[in-house]
1. Add -39500 (n - 2.57) for each DSSP H run of 4 or more in the chain, then divide by its residues: what number comes out at 222 nm, to the nearest 500 deg cm²/dmol?
2. Check the straight Cα-Cα distances from residue 52 and name the lysines below 24 Å, setting aside those fewer than 8 residues away within the same chain.
3. Considering only DSSP states other than H, G, I, E and B, which trypsin sites (Lys or Arg not before Pro) in the chain qualify as loop sites with at most 15 other Cβ atoms within 10 Å?
4. Quick one: Kirkwood hydrodynamic radius for the range 10-75, alpha-carbon pairs, angstrom, one decimal?
5. Residue by residue through the range 61-67, which ³J(HN,Hα) values in whole Hz follow from phi under the Karplus form 6.51 cos²θ - 1.76 cosθ + 1.60 (θ = phi - 60°), with glycine and proline marked x?
6. Treat every Asp and Glu Cβ in the range 10-75 as -1 and every Lys and Arg Cβ as +1, leave all other atoms uncharged, and give the resulting dipole magnitude about the Cα centre to the nearest 20 debye.
7. Under the 0.36 nm per residue contour assumption, what length would be gained going from the current alpha-carbon distance of residue 34 and residue 6 to full extension?
8. What is the spin-label model distance, in nm, from residue 18 to residue 58 if the labels are put 7 Å beyond Cα along the C-beta direction?
Amino acid sequence: MKTVSLKIDDSIFGETENILSRIKMSRNRYINEALEHYNKLQRRQIIEKRLKSDSDLVKNESINVLKDFERIDYVD
């Protein structure tokens, strides 16, 4: 395990401490779970951006192919 030093805004720290006292969880476990959740969210957003980009590339290429087919149809 790695040790990390954090500077947390006072309002976030206070809210976190209130939550921790109610759910009976250690601050360390809570922060680990929060980071794990945020990492999953970020990975999903990265994948979403990549899929959108790939989809746009495929869409543009499909339009070009359709235009080529239209030209072929008109030649006959």
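1. On the way: 2 runs with 63 residues, N = 76.
Taken over the chain, the calculation gives -30000 deg cm²/dmol.
2. List returned: 40, 67.
3. Working: sites: 2, 7, 22, 24, 27, 29, 40, 43, 44, 49, 50, 52, 59, 67, 71; in loops: 2, 7, 24.
Taking the chain and a limit of 15 other Cβ atoms within 10 Å, the loop trypsin sites (Lys or Arg not before Pro) found are 2, 7, 24.
4. Numbers: mean 1/r = 0.0619 Å⁻¹.
In the range 10-75 this quantity evaluates to 16.2 Å.
5. Ordered by residue, 3J(HN,Hα) equals 5, 4, 4, 4, 5, 4, 4 Hz.
6. Values: 13 positive and 12 negative charges, 73 e Å.
Using Cβ point charges on Lys, Arg, Asp and Glu, the range 10-75 gives about 340 debye.
7. Using 0.36 nm per residue and subtracting the Cα-Cα distance, I get 8.7 nm.
8. In this crude spin-label approximation the distance works out to 4.7 nm.
All of the numbers you see were taken from the coordinates with simple rules; none came from a lab. Keep in mind it's a predicted model, so treat the numbers as computed, not measured. Heads up, the Cβs are rebuilt from the backbone with ideal geometry, glycines too, and the neighbour counts pull from every protein chain shown.
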